[in-house]
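One structure is given below, encoded as C-alpha cells.
The values are calculated or read from the model by the stated rules, or taken from the named source; none is laboratory data. Only a predicted model underlies this, so the values are computations on that prediction, with no experimental measurement involved. Note: ideal-geometry Cβ built from the backbone for every residue, glycine included; neighbour counts use all protein chains shown. Each accessible area value is taken on the protein alone, full model and side chains, heavy atoms only, with ligands, DNA and RNA left out. Shrake-Rupley method; radii C 1.70, N 1.55, O 1.52, S 1.80 Å.
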Amino acid sequence: MLKTKLRKLKYHIKGLFFGERLVILAVIVAVLIWTYGAVSSMTRNWELEQALAKRRQELTILRLQVESMQYENEYFSSEEYQELAARAKQNKQFEGESLVYLPENSSQAKHKHDTDEIGGTVEVKPSNFSQWMEFLF
C-alpha cells in the first residue's frame, strides 16, 4: 500500500515539472520579467524627461537674467544714467537751474480738476448696494 502511494506521488511530481507545464511556466516567468523591465525603463525615462525639462526651464531663466543684466550694464555705462546719477548724488545742475522745494498738495488742490464735461464738479455716486440699503432702511 505504501509502495503504491509512493508510485502515485512520484507520478504526480514527474508530471508537474515536465512537458507542457514546464514550457508554460517558463513563458509566464519570461513575460513577467520583460513586463517589469519595460515598466521600470519607462518610469526611469519619464523621470529623466521631467528633470531635463526642469533644467531647460532653469537655463532659459538664467539666460534671461544674464540678458537683463547686460542691458542694465549698458544703461549704467550710458551718458544719460551718469548724468542723472551725478545730478542726484552731487547736486550737479545746468547753468541757470535752481532747485525749488514745494509743499505737499492740500486736498482742495488734489481735487481741483475733478470736474465733469460741462464744467461742474464731479458728484461721487454711492454704490448700488448702498442705494438699496438706504432705500430699504
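Odds and ends about this structure:
- Carbon plus sulfur fraction of accessible area for the chain, probe 1.4 Å, in percent: 61 percent
- Max mean-square fluctuation residue, GNM over the chain, Cα-Cα springs under 10 Å, options Ser106, Ser98, Ser68: Ser106
- Excluding ligands, DNA and RNA, the accessible surface per residue across the chain is 104 Å² with a 1.4 Å probe.
- Residue-span extension gain [Trp132 to Lys110] - 0.36 nm each, minus C-alpha spacing: 4.8 nm
- Positive dipole terminus of segment 1-92, leading residue within Thr43, Leu9, Val27 (C-beta point charges): Leu9
- Where GluC sites (Glu not before Pro) fall in DSSP loop in segment 1-96, at most 11 other Cβ within 10 Å: Glu95
- Only lysine pairs 8 or more places apart or on separate chains count here, and in the chain those with Cα atoms under 30 Å apart total 4.
- Charged side chains reduced to their Cβ positions (Lys and Arg at +1, Asp and Glu at -1) give the chain a dipole of some 3240 debye around its Cα centre.
- According to the Cα-based calculation, Rg over Rh for segment 18-137 is 1.49, with Rh computed by the Kirkwood formula.
- Residue-averaged [θ]222 nm for the chain, counting only DSSP H segments that reach four residues, each worth -39500 (n - 2.57): -24500 deg cm²/dmol
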